[in-house]
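Quick notes on the structure that follows.
The values are calculated or read from the model by the stated rules, or taken from the named source; none is laboratory data. A quick note: this is a predicted structure, and the numbers were derived from the prediction, not measured. Cβ atoms come from the backbone with ideal geometry, glycine included; neighbour counts cover every protein chain shown.
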Amino acid sequence: MKHPKEELTFAMVKPDGVRKGLTGEIIKRFEQRDLKIVALEMFTPSVKQIDDHYPKDEAWIRRLGQKSLSTYEKYGIDPVKELGTADDLEIGKSVRKWLIDYMTSAPLVKMVVQGIHAVDVVRKIAGPTLPYKAEVGTIRGDFSIDSPLLANSEKRAVMNLIHASETPEEAAHEIEHWFGKIKLNEYKRFGVDE
Ligand code: GDP
């Protein structure tokens, strides 16, 4: 088993994060929590890279559609009037396509972050998926306010500044997808590793 300080996660500043000039702020928030950046790069992704990043299985796509359906239910909106269908798979496919358009609209900054419970702590620092629900003090809660209602009505993905892996298994998969077999950078953080 890995030492607790060696847990790895994958995070990526999304196009709105880059375009709002928040790359430094986002990295700072990980570093100030004593997490360590061990790989970092700005790049412009291809459609295929993004398409392969997001799961393609039906269950994941339906879950994405169900999220929109529950938002519509909460606000008493008819999904058929809004999107022409109430089918979770169809809606999920649309959201996935909007996601690809969004993620290829500007450069991204990908990174590998290491530290104690890195996966959970990075998700906590990022805040929940929907910015309007994110607590002040999180990246999403401090710098964004987007909602699925607005995003769906404009036929685009919810803009939420950052992507972060949800589990250690997903992190391993995403690090491999985005960085291949690169050797991660090793160094000792003052006050953390010594
Ligand atoms: P994440 O792990 O926090 O990124 O969230 P998900 O894996 O559930 O969703 C992937 C991405 O799809 C999110 O980060 C948003 O950019 C977008 N998204 C999620 N839910 C919705 C939605 O209901 N409507 C729209 N338009 N976009 C959404």
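Brief remarks on what is shown
- Tally of residues being outside any helix (DSSP H, G or I) and either modelled with pLDDT under 95 or of a type outside the set (Ser, Thr, Tyr) (or both) across region 120-145: 8
- Residues located in region 149-161, provided they are more than 7 Å from the ligand (Cβ to nearest atom) and within 19 Å of Lys110 (Cα to Cα): Leu161
- Enumeration of residues in region 165-187 that are of a type outside the set (A, V, I, L, M, F, W, C), outside any helix (DSSP H, G or I) and either outside the structural domain of Arg123 (by TED's automatic domain parsing) or farther than 14 Å from Pro128 by Cβ (or both): Ser165, Thr167, Gly180, Lys181, Lys183, Asn185, Glu186, Tyr187
The rows are residues; the columns are (1) away from the ligand (no atom under 15 Å from the Cβ); (2) assigned by TED's automatic domain parsing to the domain that holds Ile37; (3) assigned to a helix (DSSP H, G or I); (4) of a type in the set (Phe, Trp, Tyr).
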position	(1), (2), (3), (4)
Gly76	yes, no, no, no
Lys81	yes, no, yes, no
Leu89	no, no, yes, no
Trp98	no, no, yes, yes
His163	no, yes, no, no
Arg189	yes, no, no, no
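- Residues being aliphatic (A, V, I, L, M), over 13 Å from Ala11 (Cα atoms) and away from the ligand (no atom under 15 Å from the Cβ) - total across region 100-147: 2
- From the options Glu154, Glu169, Glu194, residue that is among the acidic types (Asp, Glu), within 20 Å of Asp51 (Cα to Cα) and out of contact with any Leu (no Cβ under 8 Å at 6 or more places or on another chain): Glu169
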